[in-house]
1. So GLU94 passes all but one of these: (1) among the acidic types (Asp, Glu); (2) modelled with pLDDT of 85 or more; (3) not in a loop (DSSP other than H, G, I, E, B). Which condition number does it fail?
2. Please verify whether GLY43 is over 27 Å from ALA150 (Cβ atoms), part of a loop (DSSP other than H, G, I, E, B) and modelled with pLDDT under 85, treating the condition exactly as stated.
3. Does GLU112 satisfy the condition of being surrounded by fewer than 11 Cβ atoms within 10 Å (Cβ to Cβ), modelled with pLDDT of 85 or more and out of contact with any helix residue (DSSP H, G or I) (no Cβ under 6 Å at 6 or more places or on another chain)?
4. Can you tell me which residues in segment 47-72 are within 25 Å of ALA92 (Cα to Cα) and either modelled with pLDDT under 85 or open to solvent by 80 Å² or more (accessible area, probe 1.4 Å) (or both)?
5. Does at least one position in segment 3-20 carry a residue that is of a type in the set (Val, Ile, Thr), closer than 22 Å to LEU167 by Cβ, at pLDDT below 80 and not in a loop (DSSP other than H, G, I, E, B)?
6. Return yes when LEU33 is at pLDDT below 80 and farther than 24 Å from GLY141 by Cβ and no when it is not.
Amino acid sequence: TADDLEAGKLFFVGDDKQSIYRFRGADVAVFRLLAEELAAGGGRVLELSANYRSEPGLVEFCNSVFPEIMRAEGGSRLPYEAEFRPLESRPAVEGIEPEIAVYAYGPERNTELETDPDSDEEPAPSDDIEACFVARTIAEGIRDRRWLVASGEGGTRPAEYRDIAVLMRAGSN
């Protein structure tokens, strides 16, 4: 318990919004309960609110979109729900403009991805269509040198596959 801890000897680091990594044992309720218990015992919570990884345009986009997405239903937050807190950003890297794209797909919207109606082949499941679309979009962006990333020397360079991250919803518990 918090009463058994010696002052100045414990550091607890975590981000309740990172609890998307449930497979690693992350749990928002654990973060929240431990922070409350430590604060009740005289501990302090220090928030790190600056994002140094992302371009300011992306941070601004997230700060404008996520308050609504992470809004507590009925005004009360469940123990396992992360709370939105806006982030500050670092200065922009000259020459880099963040690109934010939202895609919607489905057989009724995207005839390019459907199979030939006269064919005997079964249409691909929507998850497969989505995966192919994401892979094709990334391959085209890399091939066409469309995206720039910061280089270690203070300038920019074309993005490589190792610079790409794909965030997706959980497919299972």
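1. In the conditions (1) among the acidic types (Asp, Glu); (2) modelled with pLDDT of 85 or more; (3) not in a loop (DSSP other than H, G, I, E, B), GLU94 misses (3) alone.
2. Answer is yes for this residue.
3. no
4. Going residue by residue through segment 47-72, those that are within 25 Å of ALA92 (Cα to Cα) are 47-67.
GLU47, LEU48, TYR52, ARG53, GLU60, SER64 - these are the residues of segment 47-72 that are within 25 Å of ALA92 (Cα to Cα) and either modelled with pLDDT under 85 or open to solvent by 80 Å² or more (accessible area, probe 1.4 Å) (or both).
5. Yes, segment 3-20 contains at least one residue that is of a type in the set (Val, Ile, Thr), closer than 22 Å to LEU167 by Cβ, at pLDDT below 80 and not in a loop (DSSP other than H, G, I, E, B).
6. no
The values are calculated or read from the model by the stated rules, or taken from the named source; none is laboratory data. All figures in this text were calculated on a predicted structure; none of them were measured in a lab. Please note: Cβ atoms are built from the backbone with ideal geometry, for glycine as well, and neighbour counts cover all protein chains shown. These accessible areas exclude ligands, DNA and RNA; they are computed on the full protein's heavy atoms, side chains included. Shrake-Rupley method; radii C 1.70, N 1.55, O 1.52, S 1.80 Å.
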